[in-house]
Structure formats: C-alpha cells, structure tokens
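The structure appears below as structure tokens.
The values are calculated or read from the model by the stated rules, or taken from the named source; none is laboratory data. Note that the structure is predicted; figures quoted are calculated from it, not measured. Counting neighbours? That spans all protein chains shown, and the Cβs are built from the backbone with ideal geometry, glycine included.
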Amino acid sequence: MNHILPLFVAVPLGTAFIILILAKVWRKAGVPFALLTSICLVIFSVSVIGQASIYRMGNWPPPWGIVLVLDGLSTLLLLTISVISFFALLFSIRYMDRYTAKPKFYALFMLLVAGMNGVVLSGDFFNLFVFLEIASIASYALVAFGCEEEELEASFKYLILSGVASTFILLGIAILYSLTGTLNMADVARTIGNMPANNAVLFAISMFLMGFGLKAALVPFHPWLPDAHPAAPAPISAMLSGVLIKALGMYVLIRLIFNVFGLSPFLSSVLMILGGLSMVVGGLLAIGQDDLKRLLAYSSISQIGYVAVGLALGTPLGIMGGLFHLINHATFKSLLFLSAGAIEYSTDTRKLSKMGGLSNRLPVTTTSAAIGFLSISGIPPLNGFWSKLIIIIALVQAGHYILASVAVLVSFLTILYFMRVQRHLFFGDLPAKLAKITEVPYLMRVSLVLLAIMCLAMGLLYPFLSGTILDPARDVILEGTAYVHRVFGV
Amino acid sequence: MTQEPEGMTLIVKSIGRLVINFIMLFGIYIILYGHLSPGGGFPGGVIVATAFILLMLSFGRKTALRKFGDTTASLLDNFAALSFLTIGFLGLIGGYFFLNFIDRGIPFQLFSAGTIPLANIAIGLKVSACLYAVFVALAIFGKVLAGPEQDGVGPAEEKPTDSGEHRR
C-alpha cells in the first residue's frame, strides 16, 4: 500500500483551488504554488519508480471500490507528465507575462496535470472518464486562453470534436457496463475473458478506438490538433503535444487493448493501419506549412503514428521502441514547441517566411531548437534516432517490410521539413523588422537548455533508461490480461 | 430601449419573492438528506443555484449581485472544493484516502453515515456556487458583448468574467 498514489491527483487539484483563493489577495500566488506542486510531483514520481501497488480508496476492495493502480506503465507516464509539466511551468513564468489572469492559467494548468495523473492511475472506467473530462475541459480553456479570434475558433473546434469523442467513450463504457455489470477494469477484463466471443465487446472496442483515437490524434480523427496546438500559449502547446495526447490517447488505448481486451491480430492490424496513416499524412501535411507551430502540430501527428505502430506490433522490441519513442517525443516536441514560443516571444510572428538569420540574434534558443530538430529527424546520437531505429528493426523482424519502408521514408520526410524550417529560421538574411530583437528571458532559456540536454542524455543513457523505467512498462504491456491477477491478487 | 428595466414585471417579482425561499429550502433538504433519500450534493446544489438564478432573472442583475456577488460565489466555490478534498485527506488519519473515519451511527438517522453528509454539504456548496457563477459569467458576458466597449479584446485583455469583476 503506497500512500503517495492519491496525492498525485489530490495535490495538484488542491493547489488549483488554493491558487484561485489566494489570487484574490495576492495576484502572484500562481507561480510559487504551481512550481512547488510541480517539483513535489516530480519527486513523487521519481520515488515510485520500480514499485507496483494497488491503492484502495477508503479501504473498499477492488470490484466495488475505486482503485488506483500503479505499475511500470503508469510510472513511465507519471514521470513524463511531471517532468514535462515542470519544464513547461518554468518556461511559462516569464512567457505568461504577456497575458493577464495568470492565477487562472496556473489553476487550469494544475487541473490539467491532476486530470492526466488521474487518467494514468485510475483502475476503473468511470473514474478514467471523469479524469479524462477534467483534463480535457482544462485544456479547452487553456487553448482559448488568449481570447482572440484564432484561439476561440480553435478551442471551439477542439471542444466539439473532443466532446463527440468523450460521448463515444461514455457509450463504450455504458455498453461494457451493461454487458459485465462492473466498471472496474480488471473485473471487466476477467468477465469478458470468461465469456464467449461477443459482438457487443467489439462494438465497445470500436467506440474506444474512435474516442481515444481522437484524443491521441490518430489520422482519421486528427483535424482538431493542427488548430488547437498552435493556438494555445506555448507552454500549453508543449503540454498538449508533449503529454496530453499520450496520457489521454495512447496510454488509455494501450491499457485497454493490451490489459483489458487482450491484443488480437485484428486489433493489432487496425492500430497499425491507423498508425501508418498518421505517419504518412502528418508528415506530408507538415511539409507545406508556413506557420511554425502548425508545422510542429502536424509533425506530432506523424510521430504519434510511430508510437502507435511500434506498440501495435505487440512484440517486445516493438513495444520497447513505441514506449521509448513516446517519452522521446514528449521531450523533443515540448522542447520544439517551447522554442517556437520563445521565437514568437522575440519576433512576434510564427510565419517562417517572415523570419531568417535568427541564429546570430537568438543563439541559445536556436541552438536548443536545432537539437530538437536533429533529435526529431533521427540523427544519432540523439534520442529520436534510437527509438525510430528500434521501431524499424522491430517492424523488419516481424516481417512488416512495407510498413518498415514507410517508416524510413517518413523519417526522410521529417528531415526534409525540418531542414526547410532550419533554412528559414536560422540562415539567410535577418529581415529589417527583426533587427532589434533580443534573446528571451533567462528562465525561458534555462527550460530550453535543460530540455535540450535531456534529449541528448536520453539518447546516450538508453541502457540506464531501459533498465529503470522502460522494461517494467514493457512487461506490463506484455503480460496482457494477466493484469487481472495483479489487481485482485494484492 | 433607453433605460434598462431592473428585473421583470411586478407579477414575476411577487411570485419570485414567495417561492425563492422555498426553492432554497428544498435544495438544502435534498443536500442534507442526500445519504438517506434520492438526491445528494449535486442535485441539491443545482436546486439552490436555481433559487439564486430566479432571483437574478426576476429582480435583475444588480439586486442578485448585491445579495450574492460573483467574487463571493467564486470564493465559496473554491473553499467548498477544498473542504471536499480536506475530507479526503482527513481519511488518511485512519489510514486510507477518503476513509469514512467518523462513527457511522444508526442507519436511516439524519446524523449517520460518517463523512458522507459532510461530503454532500461540500459538494452542494460547490455546485450551487459554481452554477451560479457560471450564470453570472454568462450574464456579464452578454453585457460586455452588447456594450460599447466591444473592441480591443486582445491577449492582454481579461476574460469577460474578469472584466466584470474589475469594473466594480
């Protein structure tokens, strides 16, 4: 029994409300409280590495009470969420000076973190849905935070599409509940396992694929992402692209498909087709973009495709590659979105065609952005190279030669569009308008540099990472529906 | 419309004056008996909120905001949420988060079921304050959009609900 588990949700939730109360008397209450909570969450998530436990809320046993389940997979996600949210917060301290209503920003940010932590830890369907909605609603508000036309339109589109997805998810949960009479995920898995093959289960799975596929922005369900991610303030773009689509989308899909329903060849091929489509479509659409953040958003769709393909393979190496790419994408994509935010902060534009020659004026920002670009393009020894390599090797080993060649081609596409970005951003002549720009504030640079160092370190320290956090996560996925025994056995 | 009429007609005001107290009382009853009968914090809170909304509809924005201001609503909202969380944390004394640590008493008595009525009260306060705040926000938002100060809403602007707060 580990008493830290409920704190992952309760602490950020409490901080959100405390910030709003204190903000009435102290306008700057947001920063210290949010930062302190974020540091606490990083410490909590580091302290649970290597542990596996079940927490019964109010001491009610599993099929009836609410349980929080901690295992390798949730630890991996918790760690990613807390680390990325810490860097995003560090960046936001000065970046958010341009906005008013800062306490509300930090309160919503904390709600977003609480919701994601809840989704990752939850052991039953209904709580998962509730936390999913907490995180989603916080993100709608955060996308619209600028309150300008672009932000409101993007947020409205995101709200509607994501609302439809949530409805599908709820419908799926309702079908499963009527079928099994329980909401506990392990209990549902056990009941379904003892049942003959049932079309209602397949229908529920398709609802989940659609709903969580939309949250993960897999290709037929992606149109909200290229609007929502660029419109949000930069730290929120980093959170959305870096962790939200993974915690709310990919993580839940993996958890349900592997641990609750069990991976069938049919499900595996569906997920692989979705992943392959995402890789190609996201990559192709990214090439023509002139808006830097929009380009990054399309690239997120392409990269989440890699994660989906790797995980859907179901082989140990494929899952390893998928999980490694998941955390790598979280680091370099948040680095890139924060860099894009820093560049926007200095130059006041996101249009690539209006920039040029920034490497002399913004040395730190452009250097860390360049590390991000190299990492996402898969240049050794940065982290993106290793995870793509593992995924491609796993695809070849499993005999999926076509998908493997597609993955290699999309990797070239990634290099192509990031070369284009580099040419527009760093080289060429500095436009006269941008002659007086200066480097971004110190705290923003610290966050960028630390993330860039992480990109390098995660590439070099792969053996260490694989031993501590990736292997336990892979084992959880591989054990499949044996998850049931873990929840009921403790 | 040269001058904005405060609230609705005399008929609505008279009926409103009569029923508002009963609606609120009924809401409080639903909250307090949540652990014994159908209902609880959420439905009770919604009923209490509708009493205040009726107040605002029939007597106008100013009267309602004088009785129950938006800052008060927002503060009450946050305090109620925090107190609900505190009930969860107090459970840790007994060893588990959200443990029902108070003596459960005799079933079907008003003072029974340990922390459940307390949690219901916290949720009721939270929901009523929150729904009322949402309504106030919508009311002020409509005012902002209809008013002359329409342009100049940029990233540096407060959200419409805020501009209502600061103007007072």
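A few points about this structure:
- Total residues in region A:1-42, condition under 19 Å from A:F91 (Cα atoms) and free of Cβ contacts under 8 Å to residues at least 24 places away in the same chain: 2
- Residue check for B:T71: hydroxyl-bearing (S, T, Y), farther than 23 Å from A:P6 by Cα, in a helix (DSSP H, G or I) and in contact with a Lys or Arg (Cβ under 9 Å, 6 or more places away or on another chain): yes
- Taken over region A:27-63, the criterion of being away from chain B (no Cβ under 14 Å), part of a loop (DSSP other than H, G, I, E, B), surrounded by fewer than 16 Cβ atoms within 10 Å (Cβ to Cβ) and hydrophobic (A, V, I, L, M, F, W, C) is satisfied by A:I49 alone.
- Scan of region A:261-271 for residues that are outside any loop (DSSP other than H, G, I, E, B) and either surrounded by fewer than 23 Cβ atoms within 10 Å (Cβ to Cβ) or free of Cβ contacts under 8 Å to residues at least 40 places away in the same chain (or both), ordered by number: A:F261, A:P265, A:F266, A:L267, A:S268, A:S269, A:V270
Residues are listed down the side, and each one gets a yes or a no for (1) in contact with a His (Cβ under 8 Å, 6 or more places away or on another chain); (2) part of a helix (DSSP H, G or I); (3) surrounded by fewer than 20 Cβ atoms within 10 Å (Cβ to Cβ):
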site: A:V281; (1), (2), (3): yes, yes, yes
site: A:L285; (1), (2), (3): no, yes, no
site: A:I327; (1), (2), (3): no, yes, no
site: A:A330; (1), (2), (3): no, yes, no
site: A:T349; (1), (2), (3): no, no, yes
site: A:S375; (1), (2), (3): no, yes, no
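- Residues of region A:8-26 classified as facing chain B (nearest Cβ under 8 Å) and hydrophobic (A, V, I, L, M, F, W, C), total: 6
- Failed item, numbered, when B:T86 is tested on (1) surrounded by fewer than 19 Cβ atoms within 10 Å (Cβ to Cβ); (2) in a helix (DSSP H, G or I); (3) more than 14 Å from chain A (Cβ to nearest Cβ); (4) of a type outside the set (K, R): (3)
- Taking the criterion of being in contact with a Ser or Thr (Cβ under 6 Å, 6 or more places away or on another chain) and either crowded, with 19+ Cβ neighbours inside 10 Å or over 15 Å from A:S269 (Cβ atoms) (or both), no residue of region A:395-408 qualifies.
- A:G314, sole failed condition from (1) modelled with pLDDT under 90; (2) farther than 20 Å from A:K246 by Cβ: (2)
- For region B:1-24, filtered to residues that are assigned to a loop (DSSP other than H, G, I, E, B) and β-branched (V, I, T), the residue that is modelled with the highest pLDDT is B:T9.
- Count of residues meeting criterion [over 22 Å from A:L22 (Cβ atoms) and among the hydrophobic types (A, V, I, L, M, F, W, C)] in region A:94-141: 13
- Taken over region A:129-152, the criterion of being over 16 Å from the mean Cα position of the chain (by Cα) and either away from chain B (no Cβ under 14 Å) or of a type in the set (F, W, Y) (or both) is satisfied by A:F129, A:F145.
- Checked against (1) out of contact with any helix residue (DSSP H, G or I) (no Cβ under 9 Å at 6 or more places or on another chain); (2) buried (at least 19 other Cβ atoms within 10 Å of the Cβ), A:E149 meets all criteria but (2).
- Evaluation of A:A154 against the conditions (1) under 22 Å from A:G30 (Cα atoms); (2) in contact with a Pro (Cβ under 8 Å, 6 or more places away or on another chain); (3) at pLDDT 90 or above shows that the sole unmet condition is (1).
- Scan of region B:124-141 for residues that are without any contact (Cβ under 8 Å) to a residue 40 or more places away in the chain and either within 11 Å of chain A (Cβ to nearest Cβ) or out of contact with any Pro (no Cβ under 9 Å at 6 or more places or on another chain) (or both), ordered by number: B:V134, B:L138
- A:M454 being within 20 Å of A:T366 (Cα to Cα), crowded, with 22+ Cβ neighbours inside 10 Å, under 23 Å from the mean Cα position of the chain (by Cα) and not hydroxyl-bearing (S, T, Y): yes
- Test: B:L75 is aliphatic (A, V, I, L, M), within 14 Å of chain A (Cβ to nearest Cβ) and surrounded by fewer than 20 Cβ atoms within 10 Å (Cβ to Cβ): yes
- Criterion: in a helix (DSSP H, G or I), farther than 25 Å from A:A452 by Cβ and in contact (Cβ under 8 Å) with a residue 40 or more places away in the chain - qualifying residue of A:V69, A:V120: A:V120
- Among the residues making up region B:25-35, a single one is out of contact with any Ser or Thr (no Cβ under 8 Å at 6 or more places or on another chain), assigned to a loop (DSSP other than H, G, I, E, B) and either crowded, with 18+ Cβ neighbours inside 10 Å or of a type outside the set (S, T, Y) (or both): B:G34.
- Among the residues of region B:36-48, those identified as of a type in the set (A, V, I, L, M, F, W, C) and surrounded by fewer than 20 Cβ atoms within 10 Å (Cβ to Cβ) are B:L36, B:F42, B:V46.
- Hits in region A:125-149 (condition: more than 18 Å from A:T100 (Cβ to Cβ) and touching a residue at least 40 places away in the same chain (Cβ under 8 Å)): A:F125, A:F126, A:N127, A:L128, A:F129, A:F131, A:L132, A:A135, A:S136, A:S139
- Candidates are the residues of region B:49-72 that are among the charged types (D, E, K, R) and away from every other protein chain (no Cβ under 14 Å); the one that is surrounded by the fewest Cβ atoms within 10 Å (Cβ to Cβ) is B:R66.
- Within region A:180-228, the set of residues being closer than 23 Å to A:I304 by Cα and among the polar types (S, T, N, Q) comprises just one member, A:S206.
- Filtered residue count, region B:92-123, keeping only those that are away from every other protein chain (no Cβ under 13 Å), farther than 15 Å from B:S37 by Cα and either touching a residue at least 40 places away in the same chain (Cβ under 8 Å) or among the aromatic types (F, W, Y) (or both): 1
- Check on B:V48, modelled with pLDDT of 90 or more and either in contact with a Ser or Thr (Cβ under 9 Å, 6 or more places away or on another chain) or assigned to a loop (DSSP other than H, G, I, E, B) (or both): yes
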